[in-house]
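Heads up, the thing below is written out as structure tokens.
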Amino acid sequence: MDVRYPPEAEAYREKVQAFLAEHLPADWKGTGALDPEAAEQFTLDWRKTLHEHGYLGVSWPKEYGGAGLTPLETVVLAEEFTRAGVPRGGNNDVFGIQMVGNTIIEWGTEEQKRHYLPRILSGEDLWCQGYSEPNAGSDLGNLGCKAERDGDEWVINGQKIWTSAGHLANWIFVLTRTDPTVAKHRGITFLLVPMHQPGIEVRPIKMISGASEFNEVFFTDARTPVDNVVGGVNNGWAVAMTLLGYERGEAAATNPIVYRTELDRLLGLAKERGVNDDPRIRQRLAWCYSKVEIMRYLGMRALTSFLSGKAPGPEGSLGKIFWSEYQQKSTELAMDILGADGLVPSGRAPSNAFQTDDPGAPNSSASWATTFLNARAGTIYAGTSQIQRNIIGEMVLGLPKEPRADAGAWNEQGKPR
Ligand SMILES: Cc1cc2nc3c(=O)[nH]c(=O)nc-3n(C[C@H](O)[C@H](O)[C@H](O)COP(=O)(O)OP(=O)(O)OC[C@H]3O[C@@H](n4cnc5c(N)ncnc54)[C@H](O)[C@@H]3O)c2cc1C
């Protein structure tokens, strides 16, 4: 391992630190220290500040509104923002900037880049991800949402599900079936679709925590112009895979910081509740500490390979399994420490459902109970633990590939041959 950043990255780090010192209040503890309405307002205002100062889409070319910086500087920025406990954008930016924006840069036409990228950065267009369907999740290639050409438009019919932040979005990128007569991965097209039209209905899904952060999206003769294909008709699988590569992002650098902050809060909870000298609790806290340290070393290994210019490999799968399964255990411990209080959650609840509560959050029972419930989803989204284990088995351990029962045309699947 050799996690030394080159001098230009350290110079950029100082610039980011100076920006944070100038724009955050002196007593800043993180968005978790604000009440939920204030945190929401802070995120909106903070996003505007980031846009004005060129801190959104920093690796994008300048001609499309980015800062033209290297992926290395993107990692430095992510590290510093995470340490400071501030968001790197708004609710839909993971889909707009990280996923579809980066993908348009790689696969889009010049016209698409000039039109969409600045609108993503300004916040005019808010995106969500239309990949999963009731019969296509882990086996995404099985998707059946159909798009047919009608003159200058595509007409879309079908359903997507688990669409995070879909209720806040005005654009959705959709994987559609455009040729059912060829093998399942071949007949897919990646479309950009405006959501505010009569053919699209968004229905919220209630989560285990009671919140509704994801949705079902129904398409009934929904339309989008023919030019809104990214990467070519029936070439959507390659585009879809490029986008999933961006989903993992800078997690190797930020997760160890995020989970160390949460662990400190957990240690605080054990002290507040007077159980820090209970040997059974101490044993489990020590287990959490050792896991967060291992996460730090795993992160360093991934960063070392990144800093030496290697393409991301299966270590992304190791990291994903590690943080998501760790978090289920650490929040179970928090619930055991809370005891009966965990059953009647009170106080400030987290304002987002992804990973930990925000830095600076109080040790309320609502914070831990909601994070405990949200942690159940961590081993499902962005590739389930079983799928990650398949990847590790096949790509790291060299085990035989899973037998496939789905050769042949997509519309012939399930029919006797
Ligand atoms: C909180 C949350 C947010 C999400 N947001 C989005 C979003 O914004 N947009 C979007 O498109 N999707 C989103 N998803 C969907 C997510 O990508 C899928 O849930 C995930 O890919 C799993 O698919 P599935 O739910 O259909 O489960 P399935 O694929 O049906 O899996 C069911 C079970 O079978 C196991 N399994 C399946 N195949 C295999 C195999 N080959 N080997 C071993 N075990 C296997 C799985 O691991 C799992 O345990 C979200 C999901 C969650 C939970």
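The values are calculated or read from the model by the stated rules, or taken from the named source; none is laboratory data. Here the structure is a predicted model, which is why all the values come from computation and not from measurement. No Cβ is skipped: glycine too gets one built from the backbone with ideal geometry, and neighbour counts run over all protein chains shown. What goes into the accessible areas is simple: the full protein's heavy atoms, side chains included, and nothing from ligands, DNA or RNA. Shrake-Rupley method; radii C 1.70, N 1.55, O 1.52, S 1.80 Å.
At most 16 other Cβ atoms within 10 Å and a DSSP loop assignment: could you name the chymotrypsin sites (Phe, Trp or Tyr not before Pro) in the stretch 281-369 that fit? Mind showing how you got there, number by number?
Details: sites: Trp287, Tyr289, Tyr297, Phe306, Phe322, Trp323, Tyr326, Phe354, Trp368; in loops: Phe354.
Those that pass, being in a loop and sparsely packed, are Phe354.
Protein heavy-atom surface of the stretch 282-389, 1.4 angstrom probe: 61% of the accessible area is carbon and sulfur, with nucleic acids and ligands not counted.
Rounded to the nearest 10 degrees, the inclination of helix 279-307 to the longest alpha-carbon principal axis of the chain is 50 degrees. Taking amide H as placed 1.01 Å from N in the peptide plane, Met195 has its amide H under 5 Å from the amide H of Trp171, Ile172, each at least 5 places away in sequence or on another chain.
Note on Ala409 and Ala11: the model spin-label points, each 7 Å out from Cα along the C-beta direction, lie 6.0 nm apart.
In the chain, the calculated helix contribution to ellipticity at 222 nm averages -14000 deg cm²/dmol per residue, counting -39,500 (n - 2.57) for every DSSP H run with n ≥ 4. The modelled label-to-label distance between Thr384 and Ser290, using points 7 Å beyond Cα along the C-beta direction, is 3.0 nm. If the segment from Arg260 to Leu343 were pulled out straight at 0.36 nm per residue, it would be longer than the present Cα-Cα gap by 27.3 nm. Based on Cα contacts under 8 Å between residues 6+ apart, the stretch 150-212 shows a relative contact order of 28 percent.
Estimated at 0.36 nm per residue, the fully extended path between Ala311 and Arg186 surpasses their Cα-Cα distance by 42.5 nm. Under 5 Å from the amide H of Ala222 lie the amide H atoms of Ile156, each residue being 5 or more positions distant or on a separate chain, with H modelled from the backbone and absent for Pro and chain starts.
Pairs of alpha-carbon atoms within less than 8 angstrom and 6+ residues apart define the contacts here; what relative contact order does the stretch 100-228 have, in percent? Mind dumping the intermediate values first?
Numbers: 255 pairs, mean separation 31.7, N = 129.
Result for the stretch 100-228 is 25 percent.
Of all aspartates and glutamates in the structure, the ones whose alpha carbon falls short of 14 Å from that of Lys320, not counting any fewer than 8 places away in one chain, are Glu247, Glu250. Restricting attention to the stretch 71-212, close to 70% of DSSP beta bridges with both partner residues there are antiparallel.
Using θ = phi - 60° in the Karplus curve 6.51 cos²θ - 1.76 cosθ + 1.60, the 3J(HN,Hα) couplings for the stretch 85-99 round to x, 10, x, 9, x, x, 4, 9, 5, 4, 7, x, 7, 5, 8 Hz; x is entered for Gly and Pro.
Let me spell out the model: positive unit charges on the Cβ of Lys and Arg, negative unit charges on the Cβ of Asp and Glu, origin at the Cα centre of the stretch 170-240. What dipole size does that give, in debye rounded to 20? Don't skip to the end; give the middle numbers.
Numbers: 6 positive and 6 negative charges, 37 e Å.
Once rounded to the nearest 20, the dipole reads 180 debye.
Can you tell me the dipole magnitude for the chain around its Cα centre, using point charges on the Cβ only (Lys, Arg +1; Asp, Glu -1), in Debye to the nearest 20? Please report the intermediate quantities before stating the final value.
On the way: 42 positive and 52 negative charges, 234 e Å.
It comes to approximately 1120 debye.
Full extension of the chain segment joining Lys401 with Val3 gains 139.9 nm, where the gain is 0.36 nm per residue of separation less the Cα-Cα distance.
Rounded to the nearest 20 debye, the dipole size of the stretch 228-329 about its Cα centre is 240 debye, using +1 on the Cβ of Lys and Arg and -1 on the Cβ of Asp and Glu. For the stretch 201-211, putting each phi into the Karplus relation 6.51 cos²θ - 1.76 cosθ + 1.60 with θ = phi - 60° gives couplings of 10, 10, 10, x, 10, 7, 8, 4, 7, x, 7 Hz, in residue order, rounded to whole numbers and with x for Gly and Pro.
A Förster radius of 45 Å combined with the Cβ-Cβ distance from Asp150 to Gln283 puts the calculated FRET efficiency at roughly 0.10. A Förster distance of 25 Å, applied to the separation of the beta-carbon atoms of Asp45 and Phe354, puts the FRET efficiency at 0.75. Taking 31 Å as the cut-off for C-alpha to C-alpha distance, list the pairs among Lys15/Lys310; Lys113/Lys401; Lys62/Lys184 that go past it. Check vs 31 Å cut-off fails for Lys113/Lys401; Lys62/Lys184. Here each label is just a point 7 Å from Cα along the line to Cβ, and for Asn135 and Gln328 those points are 2.8 nm apart.
For the stretch 149-177, the residues whose amide N sits under 17 Å from a probe point set 7 Å from the Cα of Asp221 along the beta carbon direction are 149-159.
Taking packing as the residue-averaged number of other Cβ atoms within 10 angstrom, the listed peptides 25-33, 227-235 run from highest to lowest as 227-235, 25-33.
Here the Karplus relation 6.51 cos²θ - 1.76 cosθ + 1.60, evaluated at θ = phi - 60°, turns the backbone of the stretch 121-132 into coupling constants of 5, 6, x, 5, 9, 10, 9, 9, 10, x, 9, 5 Hz, with x for every Gly and Pro.
Taking every C-alpha pair closer than 8 Å and separated by at least 6 residues, the mean separation divided by the residue count of the stretch 240-301 gives a relative contact order of 53 percent.
With every protein chain kept in place and ligands, DNA and RNA left out, what is the accessible area per residue of the chain? Probe 1.4 Å, answer in Å².
Working: 20250 Å² over 417 residues.
Per-residue accessible area for the chain comes out at 49 Å².
Taking the 1.4 Å solvent-accessible surface of the stretch 145-219 as the whole, the part contributed by carbon and sulfur is 51%.
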